[in-house]
Structures are given as C-alpha cells and as structure tokens.
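Below: the structure, in structure tokens.
The values are calculated or read from the model by the stated rules, or taken from the named source; none is laboratory data. All figures in this text were calculated on a predicted structure; none of them were measured in a lab. Glycine also receives a Cβ, built like all others from the backbone with ideal geometry; neighbour counts cover every protein chain displayed. Protein only, heavy atoms only, side chains kept; ligands, DNA and RNA dropped before computing areas. Shrake-Rupley method; radii C 1.70, N 1.55, O 1.52, S 1.80 Å.
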Amino acid sequence: MMETPGELVRGGDSSVILKVENLHFRWGANEVLKNINFDVSGNEMVAILGKNGAGKTTLIKCLNRINQVNEGKVTIASKDVSKMPLLDLSKSISYVPQTVRTSFPMEVFDVLMLGRRPHVSWRTSPLDKDVVSQTLRQFGLEELAFRRFDRLSGGERQRVVIAKAVVQDPSIYLLDEPTSDLDLWTQLLTMDTIRNIINDSRSEKSAIFAIHDINIAARYSDRVMLLHEGEILADGPPEDVITRSNIAKVFGVECDITQATNDRSMNVVIGKPITKRM
Amino acid sequence: MDLITKSHIEKTGRQIRLLAGLLFLTLFFALFSLGTGSSNNLGLVPTMKIIFGLTEPTGLQSDIIWRLRFPRVLMAIVGGVALATAGALMQGCLGNPLVSPLTLGVASGAALGAAFAIILDFSFIPEVAIVANAFLFSLIVVGVIIRLGSMRSVSAESYILVGIAITFIAGAIVSTMTYFATDAQLSQLTHWSFGSLSRPTLTDSVIIGFLVLSLLPMGLIFAWDLNAMALGGDDFAISTGVDPRITRRNILILSALLTSIIISFTGLIGFVGLAAPHMSRLIIGNDYRKLIPCSAVAGALLMLFADTVGRTLFAPVVIPVGIMLSVIGGPIFMYLLMKHKGGMGV
C-alpha cells in the first residue's frame with residue numbers, strides 16, 4: 001500500500017448511515033448554516049468544498065454535537081445524535097480537528113490509546129495495545145510511537161490525530177482539512193489509508209472531509225458537496241460538481257478541468273483569480 | 001505479540017515498579033518518622049517492633065507513638081495524598097500548571113470560617129468551632145463551584161477567576177476582622193494559617209483517612225477524561241466521548257472536597273498540591289492514569305519529610321509543616337524546574 005500512494009478505487013453502494021435534515025445553525029444573529037440536507041451511505045467518502053467562512057468546519061462540528069444545532073436533525077443509523085449519550089456517539093463518530101495545539105507532553109502511543117477510551121472501561125488490554133500498534137504501522141508512524149506528541153511537527157501531529165480517530169473504530173469519520181499540514185507524499189499516503197478503510201467491504205464506514213485542495217477532493221471522494229454562504233450549492237459526483245462555472249462562482253478563480261488518461265480521476269488546473277468575487 | 005505493544009507493556013511495567021518503590025519508600029519513611037521526634041528517639045527497629053506488636057512498649061513509649069506521633073504521621077500521609085491528588089486533578093481539568101488546591105478559593109473560605117470562630121467566637125458547632133467553621137465555609141465555596149458548573153458556557157478560566165475573586169473577598173473580610181481582634185486571637189489565627197499537623201487527634205486522623213480513601217478512586221476514574229481534555233481541548237474531548245463541562249465540574253467538586261476536608265483540620269497547606277503533581281510528571285510522565293497515583297504517593301512523602309524535619313530540626317520547637325513544605329519543597333521544586341529547562345507541561 002505504501003508503494004503506490006494515489007491509486008484510486010471508489011466505494012460501492014451501501015445503506016444510508018448518516019442523515020442530515022433541515023439543519024440550521026446560528027452564531028447569535030448570524031445564520032452560518034441554512035437548511036442543510038444530505039445523506040451519507042456506508043463505504044462512501046464525501047468531500048466538502050467551500051471558501052473560508054462557508055461553514056465547512058461548523059457543519060462538521062454540528063454532526064458530532066460539538067456544535068448544538070438550532071434546528072433540524074442529525075441521525076446516525078436512525079438514532080438522533082442530539083439524544084445519544086456522548087460515549088455512544090463517540091463509538092459511531094470520530095472527529096479530526098484541523099490542528100491540535102497542545103503543550104501536554106503525552107507519548108504518541110498514549111494519544112492513539114485515547115481512541116480506545118469509548119470502548120474500554122478503564123484498563124486497556126494487550127488487544128487494545130495491539131490495535132494501537134497496528135494503526136501506528138498503517139500510518140507509517142511506528143518510529144514516533146514513544147515520542148512526545150507536543151514535540152512533533154504539525155504534519156506528524158496531524159497524522160497522529162488521524163490515526164487516533166482510526167483506533168476509535170467509528171462508522172463515520174469527520175475530517176477537517178486532514179491534509180493541511182502534510183507534504184505531498186504523506187497527503188496521498190494518508191488519504192489512501194483512509195480510502196482503504198472506507199472501501200473495506202467487511203464494514204460500512206464512511207468519511208466526510210472538509211478540504212481546500214480541489215484535486216484531493218476530486219481524487220478521493222465519491223461525492224463532493226459545495227458549500228456556499230451556508231447553503232449546499234451542489235452535491236454529487238466530483239465530475240458533476242467540480243466544474244468551471246462552480247469553481248468560478250464559489251472561489252472566484254478561473255480553472256481548466258482535464259480528465260486523467262489512466263484512471264477516472266480528473267485534474268483541476270488552477271488559473272487566474274477573477275477580479276471580482278461572485 | 002507486536003513489538004511496539006511489547007515495549008509499551010515493558011514501559012508500563014517499569015512505571016508500576018517505580019510507583020511501588022515510591023510507595024515502599026513512603027511507608028518506610030513513615031515508620032522512621034514514628035520513631036523520630038523531639039522527645040524520644042526510639043530508633044527504627046524498636047519502633048517497628050512496637051508498631052507491629054512484637055514488644056510491649058512502656059506507658060510513655062506507647063503514649064508518644066500512638067497518641068502523639070501516629071495521628072500526626074497518618075495526617076501527613078492522608079493530607080499529602082489528598083492535596084496532591086486534588087492538585088493533579090485540578091491542573092489537569094483546568095489545563096493550567098499554576099493551579100493548586102488553593103486556587104479555587106476553598107482554602108480562603110476555610111480561613112474565613114476559622115477567623116469567624118477565632119475572632120468573632122461565632123460557630124455552628126461550638127465544641128469544634130474552628131474545624132467546623134472552616135469546613136462549612138469551604139463548603140460554601142464548593143457550592144459556588146457547583147453553581148458555576150451548571151452554567152452552559154463556563155470555561156476553565158472562569159473557575160480560576162472566580163476562585164481568585166473569592167480569595168480576595170474572603171481575604172478582605174479576614175483582614176477587616178483582624179482590626180477587632182485581640183493579640184491572642186491574632187496569634188491563634190496566624191498559627192492556623194501556617195498549617196500544622198499537630199491538631200488532629202487519633203480519631204480525627206482515622207476518620208479523615210477513611211473519607212479521603214473513599215474519595216480517591218473517583219479521582220482515578222477521571223484519568224482518561226483528563227488525558228483527553230489535556231491533550232486536545234474540549235472539542236477533542238467531546239469526540240473522544242468526554243463531556244468536558246460536566247467532567248470539569250465533577251473533578252473540581254471532588255478536588256474541592258478533598259482540599260476542604262484536609263485544610264479544615266490542618267490550616268493552610270498549599271505547596272504540596274502544586275509541587276507533588278509536577279514532581280510526579282518528571283518521575284512517571286503525564287498519563288493521568290499513572291500521574292494521579294504517583295502524585296498521591298509523592299504528596300504523602302513530601303508532607304512526611306517536611307513534617308519530620310520540621311519537628312526534629314529545632315527540637316523541641318516544632319516548625320509547622322506548612323512552613324517546612326515551602327522551605328524544603330520550594331528549592332527542590334525550583335531545582336527540578338531548572339534541570340528540566342523549565343519544561344513541565346500540563
């Protein structure tokens with residue numbers, strides 16, 4: 001797997017795991033999210049695109065109750081998220097914040113072990129430790145196992161937090177800019193690892209990730225949701241959503257979209273900014 | 001077995017042995033402390049024989065060991081355990097290395113209660129006026145913490161700021177009262193504020209011991225939650241299944257209770273609750289599942305050491321443990337901080 005980062009395999013059809021209905025979210029008088037509706041199925045990866053302040057992070061945080069929604073409903077496997085005990089919720093969803101800033105000197109192994117917390121009462125078994133060890137290898141982090149988390153680079157931290165989310169073994173991953181601090185090779189490795197977990201037909205896991213890199217979104221998602229001014233502007237397969245006109249409308253940037261010859265993936269070649277943002 | 005798993009298990013084993021060693025050292029020092037004092041240095045072996053019932057002590061020996069030194073040594077252990085545990089819990093859940101059991105204002109509440117008893121001769125339970133007042137007044141502060149914890153958007157900083165406000169308010173009232181106090185009352189109040197282990201009787205110390213022992217496991221239960229909160233903040237904690245607001249409130253109530261139980265009997269002892277957790281971080285690391293027990297043992301050892309020195313150094317004069325803790329613990333603490341280049345996170 002590590003030899004061929006970037007290879008693309010898409011997930012198949014599965015049942016709906018996450019359902020968002022008429023979701024509204026306000027900070028005071030400012031309506032950040034308006035009437036959001038969408039479903040996410042098992043083995044599906046959904047990218048959320050949108051410019052700064054479009055509500056990507058806010059939306060992600062609404063799904064696992066970090067933000068309390070003002071109106072509407074989020075359900076996971078038909079269970080209302082707002083009524084689930086937090087511990088049960090953390091077994092279904094794990095969330096990777098964009099950055100974890102900390103001065104807390106904890107070893108990487110123990111950071112990943114936090115992912116077992118929803119599953120164990122207090123003591124961890126050798127089995128839990130094996131889960132951690134294997135996940136460390138999966139993400140190529142074995143060298144860092146006993147290093148202090150607070151002394152890692154931004155990119156290393158980001159991978160550790162993603163690995164912790166994997167240790168948590170949820171059915172839904174919420175990833176906020178999971179590649180923002182990563183170098184190119186590690187971006188592909190990390191996204192590949194996540195894609196493989198989502199594709200695994202033995203389970204029905206899905207992932208929702210907010211991302212700025214349109215090409216990463218196109219390459220790894222089954223679906224792209226374009227968020228614009230708190231509303232979903234478009235929602236569908238990458239080739240339908242990532243179009244010249246949508247990119248111009250949302251980001252105010254000209255682009256050319258080319259189809260890669262060897263696989264289904266597409267390339268977005270970024271052009272000049274359009275002077276007036278629309 | 002996976003190699004990484006194996007080295008983690010080995011590491012945990014080393015930490016547990018270290019903890020066991022520290023515990024043994026503390027118990028050994030407790031025995032030594034029982035045999036040492038201003039009036040009658042029995043020596044370690046005869047003391048052990050008396051404690052374990054192997055030799056029949058003389059009336060005087062029995063009195064010194066069981067009535068004078070045993071409550072004191074027990075109180076040092078229990079006090080150290082309680083205050084250090086409270087300190088570790090509070091530093092963790094408030095995410096602040098400067099926090100000690102005195103930060104929440106519980107101790108200031110206790111001091112106010114003591115001042116009411118000593119200066120105004122006002123008490124709900126006159127027989128044990130100072131202890132009862134100190135405890136009840138510190139419970140008022142616990143009440144404020146509970147009230148604060150029920151608010152929706154209370155942050156870690158709010159608790160600290162409210163604690164500081166309480167400290168100022170209580171301090172101002174006590175200062176005002178001292179204007180009306182007699183010299184004898186002033187001296188009594190000053191003495192109370194030094195923190196001393198000589199007040200509790202055998203019964204007191206056994207009861208306090210049981211109380212603290214019954215509260216301690218609750219502290220350990222929070223260890224995972226503290227790890228999650230300390231590492232990644234509230235959002236990260238929520239996604240790990242921890243409700244930071246409720247956890248923080250519960251931890252602070254527990255810490256405040258542990259603190260007020262001890263301080264009501266001993267007077268102001270603060271430093272052990274700041275220093276023991278930090279020393280433990282250097283010994284055993286920052287995983288709260290190990291840090292909490294290690295802080296407890298380190299706190300007991302630090303208190304025992306300070307008190308034993310305090311009552312032998314200028315014997316027969318006994319220097320209160322609160323003073324000795326700062327005199328001895330302060331430089332050790334500073335040395336450790338310098339040695340580790342100032343790097344002690346929470």
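Quick grid of which residues meet (1) within 14 Å of another protein chain (Cβ to nearest Cβ); (2) surrounded by fewer than 17 Cβ atoms within 10 Å (Cβ to Cβ); (3) in contact with a Leu (Cβ under 8 Å, 6 or more places away or on another chain):
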position: A:Pro170; (1), (2), (3): yes, no, no
position: A:Asp176; (1), (2), (3): yes, no, no
position: A:Leu184; (1), (2), (3): no, yes, no
position: A:Leu189; (1), (2), (3): no, no, no
position: A:Ile208; (1), (2), (3): yes, no, yes
position: A:Ile211; (1), (2), (3): no, no, yes
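Take B:Ser108 and decide whether it is of a type in the set (Ser, Thr, Tyr) and buried (at least 24 other Cβ atoms within 10 Å of the Cβ).
Values: of a type in the set (Ser, Thr, Tyr): yes; buried (at least 24 other Cβ atoms within 10 Å of the Cβ): yes.
It is true that B:Ser108 is of a type in the set (Ser, Thr, Tyr) and buried (at least 24 other Cβ atoms within 10 Å of the Cβ).
Scanning the stretch A:113-152 for residues that are open to solvent by less than 10 Å² (accessible area, probe 1.4 Å) and either within 9 Å of chain B (Cβ to nearest Cβ) or farther than 20 Å from A:Tyr95 by Cα (or both) yields a total of 9.
Is there a residue in the stretch A:46-60 that is within 29 Å of B:Leu94 (Cβ to Cβ), within 14 Å of another protein chain (Cβ to nearest Cβ) and more than 17 Å from the chain's Cα centre (by Cα)? Among the residues of the stretch A:46-60, not one is within 29 Å of B:Leu94 (Cβ to Cβ), within 14 Å of another protein chain (Cβ to nearest Cβ) and more than 17 Å from the chain's Cα centre (by Cα), which makes the answer no.
Of all residues in the stretch A:57-78, those that are at positive phi have Cβ atoms under 6 Å from Cβ atoms of residues that are outside any strand (DSSP E or B) and among the β-branched types (Val, Ile, Thr), 6 or more apart or on another chain, in A:Arg65/A:Val81. Among the residues of the stretch B:112-125, none qualifies, meaning not one is at pLDDT below 80, among the hydroxyl-bearing types (Ser, Thr, Tyr) and open to solvent by 60 Å² or more (accessible area, probe 1.4 Å). Is it true that B:Val99 is in a helix (DSSP H, G or I) and β-branched (Val, Ile, Thr)? Criteria not met by B:Val99. The residue pairs whose first member lies in the stretch A:214-242 and is open to solvent by 10 Å² or more (accessible area, probe 1.4 Å), whose second member is basic (Lys, Arg), and whose beta carbons are closer than 6 Å, counting only pairs six or more residues apart or on different chains, are A:Asp222/A:Arg10; A:Glu231/A:Lys34. A single member of B:Ser138, B:Ser196, B:Ser158 is part of a helix (DSSP H, G or I) and closer than 26 Å to B:Leu325 by Cα, and it is B:Ser138. Name the residues in the stretch B:171-216 that are among the charged types (D, E, K, R), open to solvent by 70 Å² or more (accessible area, probe 1.4 Å) and modelled with pLDDT of 85 or more, would you? B:Asp183 - this is the single residue of the stretch B:171-216 that is among the charged types (D, E, K, R), open to solvent by 70 Å² or more (accessible area, probe 1.4 Å) and modelled with pLDDT of 85 or more. Here B:Ala88, B:Ala76, B:Ala84 are screened, and the one residue that is of a type in the set (A, V, I, L, M, F, W, C), in contact with an Asp or Glu (Cβ under 8 Å, 6 or more places away or on another chain), in a helix (DSSP H, G or I) and open to solvent by less than 30 Å² (accessible area, probe 1.4 Å) is B:Ala76. I need the full set of residues from the stretch A:212-248 which are in contact with a Ser or Thr (Cβ under 7 Å, 6 or more places away or on another chain) and of a type in the set (A, V, I, L, M, F, W, C), in order please. If the condition is that a residue be in contact with a Ser or Thr (Cβ under 7 Å, 6 or more places away or on another chain) and of a type in the set (A, V, I, L, M, F, W, C), then A:Ile216, A:Ala218 are the ones that fit. A:Gly155 meets each of the listed conditions (1) more than 10 Å from chain B (Cβ to nearest Cβ); (2) among the small types (Gly, Ala, Ser); (3) farther than 19 Å from A:Tyr95 by Cα apart from (3).
Could you grab me the full set of residues in the stretch B:223-242 that are over 22 Å from A:Cys62 (Cβ atoms) and open to solvent by 10 Å² or more (accessible area, probe 1.4 Å)?
As a first pass, look at the stretch B:223-242 and keep what is over 22 Å from A:Cys62 (Cβ atoms): B:223-227, B:230-231.
Answer for the stretch B:223-242, where residues must be over 22 Å from A:Cys62 (Cβ atoms) and open to solvent by 10 Å² or more (accessible area, probe 1.4 Å): B:Asp225, B:Ala230.
Quick one: in the stretch B:1-28, of everything that is away from chain A (no Cβ under 14 Å) and of a type outside the set (A, V, I, L, M, F, W, C), which residue is least open to solvent (accessible area, probe 1.4 Å)?
Of the residues in the stretch B:1-28, the ones away from chain A (no Cβ under 14 Å) are B:17-28.
Restricting the remaining residues to those that are of a type outside the set (A, V, I, L, M, F, W, C) gives B:17, B:21, B:26.
Values: B:Arg17: 156, B:Gly21: 39, B:Thr26: 6 Å².
Filtering first and then ranking leaves B:Thr26.
Considering the conditions (1) of a type outside the set (Ser, Thr, Tyr); (2) open to solvent by 10 Å² or more (accessible area, probe 1.4 Å); (3) within 12 Å of the chain's Cα centre (by Cα); (4) closer than 16 Å to B:Gly143 by Cα, B:Leu258 is excluded by exactly one of them, (2). I'd like to know if the stretch B:29-43 contains one or more residues that are open to solvent by 50 Å² or more (accessible area, probe 1.4 Å), of a type in the set (A, V, I, L, M), more than 14 Å from chain A (Cβ to nearest Cβ) and within 24 Å of B:Leu197 (Cβ to Cβ). Looking through the stretch B:29-43, none of the residues is open to solvent by 50 Å² or more (accessible area, probe 1.4 Å), of a type in the set (A, V, I, L, M), more than 14 Å from chain A (Cβ to nearest Cβ) and within 24 Å of B:Leu197 (Cβ to Cβ).
Of all residues in the stretch A:192-209, exactly one satisfies the criterion of being free of Cβ contacts under 8 Å to residues at least 40 places away in the same chain and of a type in the set (A, V, I, L, M), namely A:Ile197. Of all residue pairs spaced 6 or more apart or on separate chains, those with beta-carbon atoms under 8 Å, a first member in the stretch B:60-74 that is closer than 16 Å to B:Gly310 by Cβ and a second member that is open to solvent by 40 Å² or more (accessible area, probe 1.4 Å) and not in a helix (DSSP H, G or I) are B:Pro71/B:Thr201; B:Arg72/B:Ser198. Is it the case that A:Lys164 is within 25 Å of B:Ser280 (Cα to Cα) and within 14 Å of chain B (Cβ to nearest Cβ)? It is false that A:Lys164 is within 25 Å of B:Ser280 (Cα to Cα) and within 14 Å of chain B (Cβ to nearest Cβ). Residues that are among the hydroxyl-bearing types (Ser, Thr, Tyr), facing chain B (nearest Cβ under 7 Å) and open to solvent by less than 10 Å² (accessible area, probe 1.4 Å) are absent from the stretch A:100-112.
Among the residues of the stretch B:192-219, the one identified as touching a residue at least 40 places away in the same chain (Cβ under 8 Å), within 15 Å of B:Ile253 (Cα to Cα) and out of contact with any Ser or Thr (no Cβ under 9 Å at 6 or more places or on another chain) is B:Leu211. No other residue among B:Arg249, B:Arg245 is of a type in the set (D, E, K, R), within 12 Å of another protein chain (Cβ to nearest Cβ) and open to solvent by 20 Å² or more (accessible area, probe 1.4 Å) apart from B:Arg245.
Just one of the listed residues (B:Leu274, B:Leu336, B:Leu231) is within 14 Å of another protein chain (Cβ to nearest Cβ), part of a helix (DSSP H, G or I) and of a type in the set (A, V, I, L, M, F, W, C), and it is B:Leu231.
So in the stretch A:159-168, with the set limited to residues that are aliphatic (A, V, I, L, M) and touching a strand residue (DSSP E or B) at 6+ places or on another chain (Cβ under 7 Å), which one is surrounded by the fewest Cβ atoms within 10 Å (Cβ to Cβ)? Show your work before the answer.
Of all residues in the stretch A:159-168, those aliphatic (A, V, I, L, M) come to A:160-163, A:165-167.
Then drop every residue that is not touching a strand residue (DSSP E or B) at 6+ places or on another chain (Cβ under 7 Å), which leaves A:161-162, A:165.
Details: A:Val161: 27, A:Ile162: 24, A:Ala165: 26.
Filtering the stretch A:159-168 for residues that are aliphatic (A, V, I, L, M) and touching a strand residue (DSSP E or B) at 6+ places or on another chain (Cβ under 7 Å), the one surrounded by the fewest Cβ atoms within 10 Å (Cβ to Cβ) comes out as A:Ile162.
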